[in-house]
Every structure is written in C-alpha cells, then in structure tokens.
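First up is the structure itself, then whatever we jot down about it.
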Amino acid sequence: MKAPFAENTPFGGAAGVEVQQSQQRGTSFARLSDSSKSGAKIRIGAPSRRYFLVKRIIDFTVALLLLVVSGPMILSLALLVRIVSPGPAFYYQFREGAGGRKFKMWKIRTMHVDAEARLHQLLARDGAARLEWDTFLKLRHDPRVIPVLGTFLRRSSLDELPQLLNVLRGEMSLVGPRPEVPRYVEVWP
C-alpha cells in the first residue's frame, strides 16, 4: 500500500525511492525502497527490544561507574548542605517518566526546608515576582534557594548526581528526555 504522506516526505517523488506504510501491533512503520540497482530497504519505526536491552545495559554500567567515582563528592556535598542549612541533605520529587509512570527522582537539596512558605510570602507581597512566576514557573532570584551553596550546586548541576541511583533502578536513562514534574505536564501541552 502506498503511504498517504509519500509526497510530503523528503523521499516521496525522488527518483528510485518508494515509500510504503504498514502497521504492526499499533505502531506505524514506513519503508523506503530503493528501486534502483541496489534494491536496499530501510525500515523506520519503533526500536527493537534488543535496542532497549543494550541501552539498559549501557545505562546501568555507566551509571554504576559514575556513582562509584562521584560517591565521595556526593557525600561531601551532602555534608556541606547539612552544615549550611538544617534539614535533610537529599531531596526527592515525584516525576513522570516513560509511559506516565511516576517515580521519586533524587537530588541534593538546594532549597531551604520551608521553601514553599518563602515562595508564597514573596508572591503575596511582590507583584513583579508573581508575574514572573505565573509566566515561567520559576524566579530569577528565588528566595527558596540556599544562598551561595544552593546556587552553585544548581548552576553546576552537581545537585543532580544522586539521579544516578534512578538510572541504576531503571527509572531514568542517561540519555533521553528529562522526566518532568507531573503538575508541569498538566500545565504545558
């Protein structure tokens, strides 16, 4: 069967290229056929189970090595957070992963323990901050962030090192889309 989108693809109508569409288990595939001498066939579609297995093995191995190497740094940063700001050194937030599954994504804490109260107080008294928050769901000068250390950890992304545990557990991948906060998924299309 000839694909309805064949004329709209970069290959449709090209000399010697035919585009065919098929469905397997609810997934659409496009097949490009080279009708010139080579007769090469290219399959475009969902990755195979083998691909996901190899990706998982690589994720697990690399995350384990990185966790062993960065472990002392993670513990040192956690100790610094405990010294600078009372409360737990680690923080988790529920995130939405592949297939809509929710999981706890771990981080080194970069905000004060009473962060939400600080945010609500600022937004109640500062109209410009309220507008910035309503527009971007973040603040350039966020009163919730621990001064100096929290800012450094966020800018350097060192606060995200504990996410290697999430990769080991198979909840995240080293390469791929960032799991998002469920309430943001509902707000942004």
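Summary of values
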| item | result |
| --- | --- |
| Solvent-accessible surface (1.4 angstrom probe) belonging to residue 65, in square angstrom, nearest 10 | 110 |
| Listed residues 67, 75, 165 arranged by accessible area, highest first, probe 1.4 Å | 75, 165, 67 |
| Relative contact order [Cα under 8 Å, 6+ residues apart], the stretch 36-174, whole percent | 30 |
| Cα gyration tensor category, rounded, prolate or oblate, for the stretch 37-151 with a/c compared to 1.5 | oblate |
| The stretch 107-189: C-alpha gyration tensor shape, a/c 1.5 cut-off, then a/b vs b/c | oblate |
| Whole-Hz ³J(HN,Hα) from phi, Karplus 6.51 cos²θ - 1.76 cosθ + 1.60, for the stretch 130-136, glycine and proline x | 4, 5, 4, 5, 5, 7, 10 |
| Accessible-area composition of the stretch 66-189, carbon plus sulfur, in percent [1.4 Å probe] | 62 |
| Accessible area, probe 1.4 Å, largest first, for residues 108, 83 | 83, 108 |
| Residue 109 accessible area, assembled protein chains, probe 1.4 Å, Å² | 10 |
| Accessible area (Å², 1.4 Å probe, nearest 10) - residue 73 | 90 |
| Exposure rank, largest accessible area first [159, 134, 126; 1.4 Å] | 134, 126, 159 |
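The values are calculated or read from the model by the stated rules, or taken from the named source; none is laboratory data. In this text the structure is predicted, and so the values were computed from the model without any measurement. Remember, those area values only see protein heavy atoms, side chains included, never the ligands or the DNA or RNA. Shrake-Rupley method; radii C 1.70, N 1.55, O 1.52, S 1.80 Å.
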